Amino acid sequence: MTQALTLAKIQPPKVEPATDEAIANYLRYTCKIAEVAALVEQDAVIAKAAEELGIVVTDAELQAAGDEFRLKNQLLGASETLAWLARQGISAEDWTQGIRLKLLTQKLKEHLFLDAIDSHYLSYREEYRRAAFSQILVSELPEALQIVQTLRSGNTSFAAMAIEHSKAQPSAQHGGFVGIRFLSNLMPEIKAAIANVPEGEIINPIKTHLGYHILRVEKWFPPQLNESVRSEIMELLWQNWLKN
């Protein structure tokens, strides 16, 4: 006890703020440098593509985006903004460049893919059905089969079994309810298993790299080309373009 109290009184030493060199070294020895380098290269691709296509950000657009950022982050005056920049360890020019790149990215996305959304949707319409579903995730097949048998017998509820057995978080805390998902965003094994299943049916265990999933579709939502789906399609096309 005395030793613990003594250690508790020892204050951590004060150090100087991290330099750019120290930050770069940290990224190297934590094996994160490649991840950050890929993002830097991605930004370079976006900037070069925008330049080649004549896409620019106007001063008015930059000002409006900056004002929106300050309002969102409660930076209502010059002193608050300068203090925030100091905490981030960046200059006003760095911050402005980040906003400019974000605007360039959105403009480039729209230039490349805005007119392709409708045709993509018509070609892959069924991919944009949405399903509200619940799951129970366990590690072993015998346990999964036993849970399916118990559920089909009607002796207990899906929610109770999920809370007791599922290792999937946070859905287990919500009685197994995962939420509403596009079919296109599901793992291939799960997508194939639920594609034609009626609402309320308990699906046999599905094996993925996570374990064995017991699923139940709560409700199907027909495909609809709304703003949410448009954003989903644009992001999909954008990410594919970046990968290529």
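The values are calculated or read from the model by the stated rules, or taken from the named source; none is laboratory data. Fair warning: this is a prediction, and the values are worked out from it, not measured in the lab. Positions of Cβ are backbone-derived with ideal geometry, glycine not excepted, and every protein chain shown enters the neighbour counts. Heavy atoms of the whole protein, side chains included, go into the accessibility calculation; ligands, DNA and RNA do not. Shrake-Rupley method; radii C 1.70, N 1.55, O 1.52, S 1.80 Å.
How many residues are open to solvent by less than 80 Å² (accessible area, probe 1.4 Å) and closer than 22 Å to ALA18 by Cα when one looks only at the stretch 81-122?
11
Between ALA44, ALA34, ALA131, ALA38, which is surrounded by 16 or more Cβ atoms within 10 Å (Cβ to Cβ) and closer than 28 Å to LYS243 by Cβ?
Going through ALA44, ALA34, ALA131, ALA38 in turn, the sole match is ALA131.
Take VAL15 and tell me if it is within 30 Å of TRP238 (Cα to Cα) and of a type outside the set (Gly, Ala, Ser).
Answer is no for this residue.
Name the helices (runs of 4 or more DSSP H) wholly inside the stretch 134-244 in which the number of residues that are open to solvent by 90 Å² or more (accessible area, probe 1.4 Å) is 3 or more. First the steps, then the outcome.
Working: elements: 141-153, 158-165, 188-194, 227-243.
Answer list for the stretch 134-244: 141-153.
Across the stretch 129-175, which residue is nearest to ALA192 (Cα to Cα) among those that are under 24 Å from the mean Cα position of the chain (by Cα) and among the hydroxyl-bearing types (Ser, Thr, Tyr)?
Of everything passing the filter in the stretch 129-175, SER134 is nearest to ALA192 (Cα to Cα).
Hey, can you tell me all the residues within the stretch 111-136 that are closer than 19 Å to PHE221 by Cα and among the aliphatic types (A, V, I, L, M)?
Of everything in the stretch 111-136, those that are closer than 19 Å to PHE221 by Cα and among the aliphatic types (A, V, I, L, M) turn out to be LEU122, ALA131, ALA132.
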